Every structure is written in structure tokens, then in C-alpha cells.
Amino acid sequence: MIPHVKLQLGKEEEDRVIEVLRSGMLAAGSYVQEFEDEFKRYHGSGYGVATSSGTTALHVILEAMGIGAGDKVITTPFSFIATSNAILYTGATPVFADIDPVTYNLSPAALDNAVKDHPEAKAVIVVHLFGLPADMDEILAIANKNNLIVIEDCAQAHGAIYRNKKVGILGKASAFSFYPSKNITSGEGGMVLTDDPMIAEKVRILVNQGQRRRYYHEMVGYNYRMTNIHAAIGLEQLKKLDIYNQKRIENAKFYDDHIVNQGIQKPVLPPDRKHVYHQYTLKVDNRSALTACLDANGIGYGIHYPLIMPAQPAYKNIATCAGAWPVAEDLADCCVSIPVHPALSRNELTTIVEVINNYR
Ligand SMILES: *Cc1c(COP(=O)(O)O)cnc(C)c1O
């Protein structure tokens, strides 16, 4: 069996966790701040605030920006549900703009149309899906022209680069996730990056029950704090991020060079970007035939994602979810993510390529 995802955890993470357990500082503790400092330094960002997850990071970013009931936020229809759920948590409404057929990220042209249809929209959440940076210059230009705040969802793109800049410092604020399947993990966990001191401060208060001083609550906040245990793991993982990403890139290159099946569209890599291959996602004519073949050969895979966000049953009563997003819908019917994790051996890669090249 070749698993779709395989965690990379070593003695470094183990030792740190034991150290935290013995210190008794399980919740708040020095590793949380250290992780924030190292993470923001890695990105060259002004402020980093650790959170309990990527989802909660997105939620507090929106709230810190004053987005709430009656507001609209534009985003892609093709992402993990947390992206648009965070908008709904604030009371705002998501507006979905279709994806680009080549990058699978938010299409600048579709964004432009969405702004025309919803000129009152306050912000746009851009997702760097599967580890590939979105068309940021075009998106930023549209956003600037229309007074839209740009938020980056970097949950799948730690260390990805767009025109010599890391993702996470391209918009007003960004959210990362350290869920175990992501490029690095802390167990559960997330991070907000921003250069804006006001947003950083508000986010910090929101994640800690609305308090700056203990038991004085300036606003109704949340318990969205990262624990010291999670931060200890994240800190060690961050040191290995570039090595892990390099391995993912090499694995992707092997697939780029060796998968030759006519019925398959491989991921596209625009030359001005570093793709970090959170997923290596194929678009296939006959998905059920390919997945049957992968199953038969013990190769793990994922469907990211089988249903676009506005078509989810949970969203059936949201007015902006009635519509058509043909590019995203087509991809949802044809996508398959194959293993690309850093622990893959050359033998496993060769096996996967053979199975895919010979399917049906
Ligand atoms: C994983 C993910 C999230 C949510 O992160 P959690 O840490 O699981 O809450 C948000 N957006 C995208 C695109 C993701 O892949």
C-alpha cells in the first residue's frame, strides 16, 4: 500500500513535546511566541499570531477587518470548505467567482465580473490551491481599483513563491494551517501573518477571549489559541519545511516527466512561481476507471474536491450559491490527487507512474 499522505515526524518533534510535558506549560508557553517569531521571520512579515487552526485564523482575520453581517466577501468556489465557512461565521455572505482552467485558482477575469455584480463586496479571499500561488498581480490590481481587501488562504502553500515573494505577504493578511496533511504540521494549528499592527493586535485579542489584560474583555472573543505542545511541534517542522517542499517538487517533476497518458492533464507550473505541491492533482477523462485502477494496485489518492463549495448541501439556502461555475464544476468531476508526499521512494513513484500510464 502506498499511502496518499504520510507524516514526517522525527526525534526532534518528540523531544520537544516531552520537554513541554515535563515543563507543565501545556497551554500558554514560550514555544508559542517562538513559533510566531520564526514563522514571521521565514516570511519577512511584520506580525505573526498563532491560532488553533487555519479555519480560526481565517475567521479572526475577517473579524479583525470589521467584516460582518450584511457584508460580501468574494472567493473561489473550488477550495476546502473552511475558506467560505470563515466568511459565514462572521455573518457575511460569500460570493463565488470561477477558477482559471489552467491554474485552478481564482480567475482574475471572473473576479472582475464578480466585483461588477457585487460592487459592495469588501474583501476577497485568494486561495493558493494545491500549493500553486494564484495570479496575484492581476488580482491585486483588480482589488486596488475596487477597494477590496485581499486576504490570502495559504493553508496549502507554505513556502510557495510568487514572483520572488513568498505567499502570505502579498495581501493585507494571510492564514496558514498546520493540520497533519499540510506541508508542515503542528497537529492542529494555524497562523495569521500581517504587516498591519492594528490587524495583528485585534487578531491577538480575538483569539484570546477578547482580552488584553486578564479578565478584562474588550470584545467578545474566542478561545482560538495555539497550545505550547502544538507550537513545539510546529517549530521543529518549520526547520524542515524547505527540505520537505524540495522533495515534493522532485516528486512532482518525476510525474511531470513520466506520466504520459493522453487522457490526463497534469498540473501546470507558470514560470514565475514556485509550486510546493501540497497536492499533485490530475484532471482525468474517466475518473472512476483511474481510481478503480489505483484501488486495485494499493495506491492511495484523494478527491480534492468532489463538490464545489456553493453546491454543498450546507449552503443550499444561501442566495449567492445559486449559479454556475462551469470551470470549477468540470474540475470537481475530473480531479484526482495522487501521492506526492516527501516520504515517497523512487520505487513507489515508478509504480504509481506505471499504473497511471497503463490505466484502462
Ligand atoms: C486545510 C485548509 C483550511 C483549514 O485549515 P484547518 O487547520 O484544517 O482548520 C483552510 N483553507 C484551505 C484551503 C485548507 O486546505
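The values are calculated or read from the model by the stated rules, or taken from the named source; none is laboratory data. Worth saying up front: this structure is predicted, and the values here are computed from it rather than measured. Neighbour counts are summed over all protein chains in view; Cβ atoms, including those assigned to glycine, are modelled from backbone coordinates with ideal geometry. Accessible surface areas use protein heavy atoms only, side chains included; no ligands, DNA or RNA. Shrake-Rupley method; radii C 1.70, N 1.55, O 1.52, S 1.80 Å.
At q = 0.08, 0.11, 0.12 Å⁻¹, what is the base-10 log of I(q)/I(0) for the chain according to the Debye formula with one equal point scatterer per Cα and no solvent? Please give it to two decimals. Debye curve over Cα of the chain, log10 I(q)/I(0) at q = 0.08, 0.11, 0.12 Å⁻¹: -0.39, -0.74, -0.88. Calculate the FRET efficiency for Glu201 and Asp333 from the Cβ-Cβ distance with a Förster distance of 45 Å, rounded to the nearest 0.05. The formula returns an efficiency of 0.50 here.
For the cross-link pairs Lys6/Lys239; Lys172/Lys240; Lys6/Lys72, which exceed 29 Å when the distance is taken from alpha carbon to alpha carbon? Too far apart for the 29 Å limit: Lys6/Lys72.
What's the ranking of 269-277, 50-58 by average number of surrounding C-beta atoms within 10 Å, highest first?
The peptides rank, most packed first, as 50-58, 269-277.
For the chain, the share of accessible area belonging to carbon and sulfur comes to 53 percent (1.4 Å probe, ligands and nucleic acids excluded). Treating r as the C-beta distance of Ala28 and Leu241 and R0 as 35 Å, the FRET efficiency rounds to 0.90. When +1 charges are put on Lys and Arg Cβ atoms and -1 charges on Asp and Glu Cβ atoms, the dipole computed for the chain relative to its Cα centre reaches about 500 debye. When Met219, Met226 are compared by accessible surface with a 1.4 Å probe, the order from highest to lowest is Met219, Met226. Taking the charge dipole of the chain about its Cα centre, with +1 at Lys and Arg Cβ atoms and -1 at Asp and Glu Cβ atoms, the residue from Met1, Tyr224, Thr291 reaching farthest to the positive side is Tyr224. Report summary: the helix-based calculation at 222 nm, which adds -39500 (n - 2.57) for every DSSP H run with n ≥ 4 and divides by the residues of the chain, gives -12000 deg cm²/dmol. Each peptide in 143-150, 91-98 gets a packing score, the mean of other Cβ atoms within 10 Å over its residues, and the list from highest to lowest is 91-98, 143-150. Counting only Cβ charges, +1 for Lys and Arg and -1 for Asp and Glu, the dipole size of region 242-358 around its Cα centre is about 240 debye.
In the complete set of protein chains, residue-level accessible area for Lys72 is approximately 40 Å², probe 1.4 angstrom. Along the charge dipole of the chain, Cβ charges K/R +1 and D/E -1, which of Ser53, Leu129, Val115 sits furthest on the positive end? Farthest towards the positive end: Ser53. Val355 exposes around 20 Å² of accessible area when a 1.4 Å probe is run over every protein chain in place. Looking at the chain alone, DSSP beta bridges between its own residues are antiparallel in about 60 percent of cases.
Which part of region 98-123 falls in the paramagnetic zone of Ala319, meaning amide N under 13 Å from the point 7 Å along Cα-to-beta-carbon? In region 98-123, the label zone of Ala319 (backbone N under 13 Å from the point 7 Å along Cα→Cβ) covers 118. I need the shape label for region 221-274. Rule: rounded when a/c is under 1.5, else prolate if a/b > b/c, else oblate, with a, b, c from the alpha carbon gyration tensor. Prolate, since a/c reaches 1.5 and a/b exceeds b/c. Summarising the amide proton neighbourhood of Tyr162: residues at separation of 5 or more, or on other chains, whose placed amide H is nearer than 5 Å comprise Val167, Lys274.
I need to check one value: relative contact order of region 209-306, counting alpha carbon pairs closer than 8 Å and at least 6 residues apart, in percent. Here the relative contact order equals 17 percent. Taking every protein chain into account, the accessible area of the chain amounts to 42 square angstrom per residue (probe 1.4 Å).
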